[in-house]
Amino acid sequence: MNTYALLAAEGEVAAATGITAYAWLLVLLPLLGAAILLLGGKATDAWGHLLATALSWGSFVLGFVIWIAMIGRGAEERPAHVGGWNWVPAGQFQLETGLLIDQLSVAFVLLITFVGSLIHVYSIGYMEHDVDRRKFFAYLNLFVASMLLLVLADSYLLLFVGWEGVGLASYLLIGFWNHNPAYATAANKAFFVNRVGDVGMSIAIMFMFFTFGSVDFATVHAAAPEAGSTAMTALGLLLLIGACAKSAQFPLQSWLGDAMAGPTPVSALIHAATMVTAGVYLIVRSHAIFNAAPNAQLAVAIVGAITLLYGAIVGCAKDDIKKALAASTMSQIGYMMLAAGLGPVGYAFAIFHLITHGFFKAGMFLGAGSVMHGMKDRVDMRGFGGLSKYMKITWITFGLGWLAILGVPPFSGYWSKDGIIESAFIGEGWRPWVFGGIAMLGAGITAFYMSRLFFMTFHGKERWVDEHEDAERGVHPHESPLTMTVPMIVLAVGSGLLGLVLSFGDTFTHWLEPLVGGHGDEHPVLAVPVIIGLTLLLVAGGAFYAWMLYVRDAVPVTAPRGSLVTQAARADLYQDAINEGLFMRPGIHLTRALVFTDGKGVDGVAGSIAASIGGLSSRLRRLQTGYARSYALTMLTGVVAVLGALWVMN
Amino acid sequence: MTAALMPSIAPMAFEAVKVDYAAVAPMLIVVGTALVGVLVEAFAPRLARHTIQVGLTLVGLIAAFVVLVLISVNHHAVTLGGSLAIDGPALFLQGTLLIFAILGVLTMSERFGGRSADAFTPMGAATPGSPAEAAAERAGFATSEAFPLTLFAVFGMLMFVASNDLITMFVALEVLSLPLYVLTGLARRRRLLSQEASLKYFLLGAFSSAFFLFGAALLYGYAGSSDLGAIAAAIRAGNSAYEGLLLPGVVLALIGLLFKVGAVPFHSWTPDAYQGAPTPVTGFMAAATKVAAFGAILRLAYVGVEASRLEWRLGVAAIAVLTMVVGAVLSVTQTDMKRLLAYSSIAHAGFILVGVLAFDSTGVSGVLFYLVAYGLATIAAFAIIALVRSGGSEATHLSQWAGLGRKHPVIAGIFVLLLLAFAGIPLTSGFTAKFAAFAPAVAHGGLAGILMVVVGVLASAVTAFVYFRLIVLMYFTEPTGDDVVALTPSIASTIAITVGAVGTVILGVVPGPVLQLAEDVSKFLL
């Protein structure tokens, strides 16, 4: 009997009843889709993508019903537990596995299945002519299933299964067009960097088992406050390593930009809306551990703050529309991390921003995909300009996302980001000033680079050549089909309104409060209206500066050399050079040394043993002459030897 | 005068010994079938003989096995005036022998669509390459006497494992050996090699029989009886007038038996005989002779001379170590499949000896289990070797097996399974068997036992290299230019191969029942 069953017996976490008892179907439906599409082979080519989409929607509907059922219960009875299947019966280590349906996981389920299903629909249009469409949808379904498992798991071990599942799906989808070696390399890079995080996660799980004798959330979180802050700091830092790799946080951020090699719907779903936010989920889910380890919590906040600026700076210099969006994702997740590192005051806002960001960033990625669709898959924004005339729907939906990420009231981003900035100003000593200042500065830079992106793409002079003038290099911008625009519209509505709806009467923060705690009486070191005013001022300034540079002034079609800062930002602040210098080269030398030792030392010894046995064998073989007389002599010698030896011994 | 002398020579009262006919019924059935088989050779029409002989032999063997199972419950007895002991180990080994004989006959009956058994020459007595042989070939003659010969050998083996005195043991040894010498010389192809093998086997076998007989005589001189029980009693009493005869007697008698299992340095005949004999006969010989000879060794060592074991144990231990090392090392450089398996069988004999020298009932059960596991795999392995052909004759050179895994995945796959069993990889019978034989040696064998097990494990590693190289050869090497093919086996061979392979897996995955049986029967009747 695991702790959930115990708690259920005591009435704390109720065993799921009614529709909630079918929560395992949430994971199973998309998993089934992936299995059918992958095992069914070419037979499913014709209808596979429709099945995958339908199953994803099925998961959403079920999740929605479960959510409604949860609303019907009082705040204390909302968490429910499904399962209790004996998964790892290994002596002292007994792990029953099950799904935990509480306020946090349900929020994620709705985000993942809703955005995921929309992106399935979008992909029907986007991947229409791809020869491997079936495989693409199979991987998408696999991703949805893994991601749901990740957020529904009731133990760190089961979470890790989902964690690896999304990693696998991400790897497969980044390298989906792996006939291009650069894309395959990008997939490998994401894979390697994530392995670093996985090591952290694995050790964290082992550490948990060592400390608590269990790895399920209930036991670990119940015991965390009493476990001592040193152990909890170590555990928190290990979890942070895992979170950093998965969420592309400093210093494990290098893979995200290259991950844009994947098809754009993948970038929208996995590398913007859901998977990359898993690190934030992990931190918030483990709030009991981090609350018991202030130092680890501080590390989370610092990582978030650094990444926030890092992404923003890189985003200012990128001309590739998807890479600019990727840098922005990194920066926004930095905001979430920062919030998660602030403790109970920030957890709810971290998740709130995660949800709104899921909508507006996915919407913008889909918009970018729509632009690429109309521009012959080009991504260089210096070759765009003035597209608002040709792609009205894309322009409007993207525009809503842009307003949301800038944090312009009353669009979604304002409510969630403003909450984070305000929370960052809460505290004592240097922290509120540093974190609050960085969060506020970040908002200004965000406004600049997102406006730059928006203006360079949709406004200003048309910097492309029409197809009629140059069939070779020319393009013919046009709006995308309905399957693509409808999801964009839906996400745009979310970008516009979701924040307002969820923050109305603090609905969302109250929703999560029973789980992660909430605001006390703390007040920011600056008055709230001052914070809001300053932030909006910075945002307006950033946007205006972008307007001056990219609408008023002409945009050069080839990038100017730029200042040293621009060059550094364009090179992702030399992250690859640093990684190569610090880890890759020493690693290569170490490997070479090991190979040499293995070849000369280990193999040498093994080889010489083998050689001497072979030599002995060849020599002994000569005794087998084939003459019966020498055989008889051998026997006689043997008899005499044995008899003689025994006679002497006795 | 004559009449006057009469009383002085007391009339020897010749009493007929009591015979427990039920206990010896399986042996009687086998020898009876063999005699009928001889009559069939004399009277049945030539073309029908193969079918009749195969059918008759199988019926006789199966009947003997059924009777054996029936009597095994409550007919444990020392019978025929104390010369045969039908006890647990004897019954277990007799059952094993009968099963191996059935499988062996199934493989020997393989015709590949011809009129007579493919493995045997049409006329064994003809000079190789002579016109007489060619004529016999054209006329479609067949050496169907191979089947009665096999039955006689089986009869000798059944007696061998049950013999409770040295004279019976010697008679049984000769009864089992002589048919095997003949069978070895009956190969259809490479006749000269076959005859040479037969002659060498015979000469060296006679040599070793002489050792055994000499040893038996010395033991009789020591104890005043050839009965194993009486010898054991004499050793325990320790009041023999000829104390010095004991050790040489034990050693010489054991050496006569160790020759049969191919222990080093009495192994020289093994590769030559294995290579020259018809391949199905090799399989039968390798499996069944080992069972019979180890049965006799167990009986002599555990029933007869166990009390003096401290005097001779180290000598046999040295032989065991030498056997494992030489068998393993020499298998490395073999280029012929049959010779390779011959050296492998030598190494296995060493492994089994380790179990014998534990001197504990768990050692006995370990040896019994090992013999079953090894025999099943060996018969199937040689049956497969008989299938792999190049231009009609067997492709026994290793290089000819390159790439076989691609052309014949099923045959090669089964062969790989058997090789894994020989290597002692877990989930095959070989692993369980080695464990069953080595564990008692560690538990009860003292320092010498542990050292033997260490050598055994190292030797296993060396042989594993040989087997894995074969696997690599079959699966990862390009085929040579030769048109090597695996023929499609008949139903009979298929059954034999299947039983061998399935048994190998079962004994590896669920060895429990057979291990339990071997443990239950491991007590000798004294």
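The values are calculated or read from the model by the stated rules, or taken from the named source; none is laboratory data. Quick caveat: nothing in here was measured; it's all calculated off a predicted structure. Cβ sites come from the backbone with ideal geometry, for glycine too, and all protein chains shown count toward neighbours. Protein only, heavy atoms only, side chains kept; ligands, DNA and RNA dropped before computing areas. Shrake-Rupley method; radii C 1.70, N 1.55, O 1.52, S 1.80 Å.
Karplus-based coupling profile of the stretch B:422-433, in residue order and whole Hz: 4, 6, x, 7, x, 6, 10, 4, x, 5, 4, 4, with θ = phi - 60° in 6.51 cos²θ - 1.76 cosθ + 1.60 and x standing for Gly or Pro.
For chain A, the share of accessible area belonging to carbon and sulfur comes to 69 percent (1.4 Å probe, ligands and nucleic acids excluded). For the stretch A:395-494, the normalised intensity computed at q = 0.15, 0.20 Å⁻¹ comes to -0.77, -1.04 (log10 of I(q)/I(0), Debye sum over alpha carbons, equal scatterers, no solvent).
Just counting partner chain Cβ atoms within 10 Å, what average do the residues of peptide B:300-312 show around their Cβ? Please report the intermediate quantities before stating the final value.
Numbers: counts 0, 0, 0, 0, 0, 0, 0, 0, 1, 0, 1, 4, 5.
Neighbouring Cβ atoms belonging to other protein chains average 1 per residue here.
Among B:Met123, B:Gly88, B:Pro148, pick out the residue whose Cα is farthest towards the positive end of the charge dipole of the stretch B:84-150, where Lys and Arg carry +1 and Asp and Glu carry -1 on C-beta, about the Cα centre. Most positive-ward Cα: B:Met123. Element breakdown for chain B at a 1.4 angstrom probe: carbon and sulfur atoms account for 72% of the accessible area. The mean number of partner chain beta-carbon atoms within 10 angstrom of a residue's beta-carbon across peptide A:627-634 is 5.
Rounded to the nearest 10 square angstrom, B:Ile506 shows an accessible area of 80 square angstrom against a 1.4 Å probe. Cut-off under 21 Å on the C-alpha distance; same-chain residues fewer than 8 positions from A:Lys323 excluded. Which lysines are left, in chain and number order? In chain and number order, the partners are A:Lys189, A:Lys246, A:Lys361, A:Lys376.
Along the stretch A:590-598 the Karplus relation, 6.51 cos²θ - 1.76 cosθ + 1.60 evaluated at θ = phi - 60°, assigns HN-Hα couplings of 4, 4, 4, 4, 5, 4, 4, 4, 5 Hz to successive residues, with x for each Gly and Pro. Accessible area of A:Val121 (1.4 Å probe, protein heavy atoms only, ligands and nucleic acids ignored): about 30 Å².
Normalised by the residues of the stretch B:100-199, what does the relative contact order come to in percent, with Cα pairs under 8 Å and at least six apart?
Contact order relative to length: 25 percent.
Amide H contacts of A:Ile426 (H built 1.01 Å from N, in plane; Pro and chain starts excluded): A:Val525 sit under 5 Å, all sequence-distant by 5 or more or on other chains. For the protein assembly as shown, the Cβ-based charge dipole about the Cα centre amounts to some 2620 debye (Lys, Arg positive; Asp, Glu negative; other atoms uncharged).
When the charge dipole of chain B is built from unit charges on Cβ atoms (+1 for Lys and Arg, -1 for Asp and Glu) and taken about the Cα centre, the candidate among B:Ala292, B:Ala349, B:Ala381 whose Cα reaches farthest toward its positive end is B:Ala381.
Just want to confirm a number: the relative contact order over the stretch B:348-411, from Cα pairs under 8 angstrom separated by 6+ residues, in percent. Write out the running numbers ahead of the final one.
Details: 23 pairs, mean separation 10.2, N = 64.
Relative contact order, the stretch B:348-411: 16 percent.
When a/c reaches 1.5 or more, the comparison of a/b and b/c decides; with that in mind, is the stretch B:139-244 rounded, prolate or oblate per its Cα gyration tensor? It comes out prolate by the Cα gyration axes.
Using bins of 10 Å that start at zero, the share of Cα-Cα pairs per bin across the stretch B:381-526 amounts to 11, 32, 31, 18, 8, 1, 0, in whole %. Sparse packing (at most 15 other Cβ atoms within 10 Å of the Cβ) combined with a DSSP loop state is found for the following chymotrypsin sites (Phe, Trp or Tyr not before Pro) in the stretch A:595-650: A:Tyr627. Residues of the stretch B:234-248 that bury at least 20 Å² of accessible area when the other protein chains are present, relative to the chain alone (probe 1.4 Å, heavy atoms, ligands and nucleic acids excluded): B:Leu247.
If you take the accessible area of A alone, add that of B alone, and subtract the area of the pair, what total do you get in Å², probe 1.4 Å, to the nearest 100? Answer for the A-B pair: about 2300 Å² buried. Coupling constants for the stretch B:304-315 follow from the phi torsions by the Karplus curve (6.51 cos²θ - 1.76 cosθ + 1.60, θ = phi - 60°), and in residue order they are x, 10, 4, 5, 9, 4, 5, 7, 10, 4, 5, x Hz; glycine and proline get x.
Before I look further, what does the stretch A:437-577 give for accessible area per residue, probe 1.4 Å, in whole square angstrom? Show your work: numbers first, answer last.
Numbers: 7170 Å² over 141 residues.
That works out to 51 Å² for each residue.
Note on A:His120: accessible area approximately 0 square angstrom, rounded to 10, probe 1.4 Å, nucleic acids and ligands left out.
At 1.4 Å probe size, with every protein chain present, just tell me what the per residue accessible area of chain B comes to in Å². Intermediate results must be reported in sequence, preceding the final value.
Values: 18690 Å² over 526 residues.
Value returned for chain B: 36 Å² of accessible area per residue.
Each Lys and Arg Cβ is given +1 and each Asp and Glu Cβ -1; about its Cα centre, chain B then shows a dipole of about 800 debye.
Based on alpha carbons, the Rg and Dmax found for the stretch A:337-432 are 16.9, 53 Å.
Per-residue packing, averaged as other Cβ atoms within 10 Å, sorts the ranges B:493-504, A:497-508 into the order B:493-504, A:497-508, beginning with the highest.
Ranked from largest to smallest solvent-accessible area, with a 1.4 Å probe on the protein heavy atoms, B:Glu41, A:Glu77, B:Glu110 come out as A:Glu77, B:Glu41, B:Glu110. Cβ-Cβ distance of A:Asn295 and A:Thr185, R₀ of 35 Å, FRET efficiency by 1/(1 + (r/R0)^6): the value works out to about 0.40.
Could you run the Debye sum over the Cα atoms of the protein assembly as shown, one equal point scatterer each and no solvent, and tell me log10 of I(q)/I(0) at q = 0.06, 0.09 Å⁻¹, two decimals? Results for the protein assembly as shown at q = 0.06, 0.09 Å⁻¹ read -0.70, -0.97. With the alpha-carbon atoms of the stretch A:208-262 aligned to their principal axes, the span from lowest to highest coordinate is 44, 21, 15 Å, starting with the largest. Applying both filters, DSSP loop and at most 16 other Cβ atoms within 10 Å, to the chymotrypsin sites (Phe, Trp or Tyr not before Pro) of the stretch B:218-278 gives B:Tyr242. Amide H contacts for B:Leu84 (H built 1.01 Å from N in the peptide plane; partners 5 or more residues away or on another chain; cut-off under 5 Å): B:Thr79, B:Asn164.
What does the average come to when, for each residue of peptide B:194-207, you count the partner chain Cβ atoms lying within 10 Å of its Cβ? Please report the intermediate quantities before stating the final value.
On the way: counts 0, 0, 2, 0, 0, 1, 5, 1, 1, 4, 5, 0, 1, 6.
The mean count of partner-chain Cβ atoms within 10 Å per residue comes to 2.
Annotation: lysines with alpha-carbon distance below 22 angstrom to A:Lys42 (same-chain offsets under eight excluded): A:Lys135. Largest to smallest in accessible area, the residues B:Glu478, A:Glu462 fall in the order B:Glu478, A:Glu462 (1.4 Å probe, all protein chains included).
With bins 20 Å wide beginning at 0, the percent of Cα pairs of chain B falling in each bin runs 23, 56, 18, 2, 0.
Where both partners of a DSSP beta bridge lie in chain A, what percent of those bridges are antiparallel, to the nearest 5? Each step should come with its number before you reach the end.
Details: 13 of 16 bridges.
Counting DSSP beta bridges with both partners in chain A, the antiparallel share is about 80 percent.
Note down the relative contact order for chain B as a percent, whole number, built from C-alpha pairs under 8 angstrom at least six residues apart. Here the relative contact order equals 16 percent. The amide H of B:Ala187, built 1.01 Å from its N in the peptide plane, has B:Thr121 as neighbours under 5 Å, considering only residues 5 or more places off or on other chains. Sorted from longest to shortest, the spans of the Cα atoms of the stretch A:494-558 along the three principal axes equal 54, 31, 20 Å. Taken per residue, the accessible surface of the stretch A:292-387 reaches 16 Å², heavy atoms only and a 1.4 Å probe.
In loop segments of the stretch A:45-127 as defined by DSSP, the chymotrypsin sites (Phe, Trp or Tyr not before Pro) with at most 16 further C-beta atoms inside 10 Å of their C-beta are A:Trp47.
Could you tell me which of rounded, prolate or oblate describes the stretch A:477-606, using a ≥ b ≥ c as the square roots of the eigenvalues of the alpha-carbon gyration tensor, with rounded for a/c under 1.5 and, failing that, prolate when a/b is larger than b/c and oblate otherwise?
Details: a/c = 2.08, a/b = 1.58, b/c = 1.32.
Judged from the Cα gyration tensor, the stretch A:477-606 comes out prolate (a/c at least 1.5, a/b above b/c).
Going from the isolated chain to the complete set of protein chains, the stretch B:262-288 loses at least 40 Å² of heavy-atom accessible area (1.4 Å probe) at B:Pro265, B:Phe266, B:Ser268.
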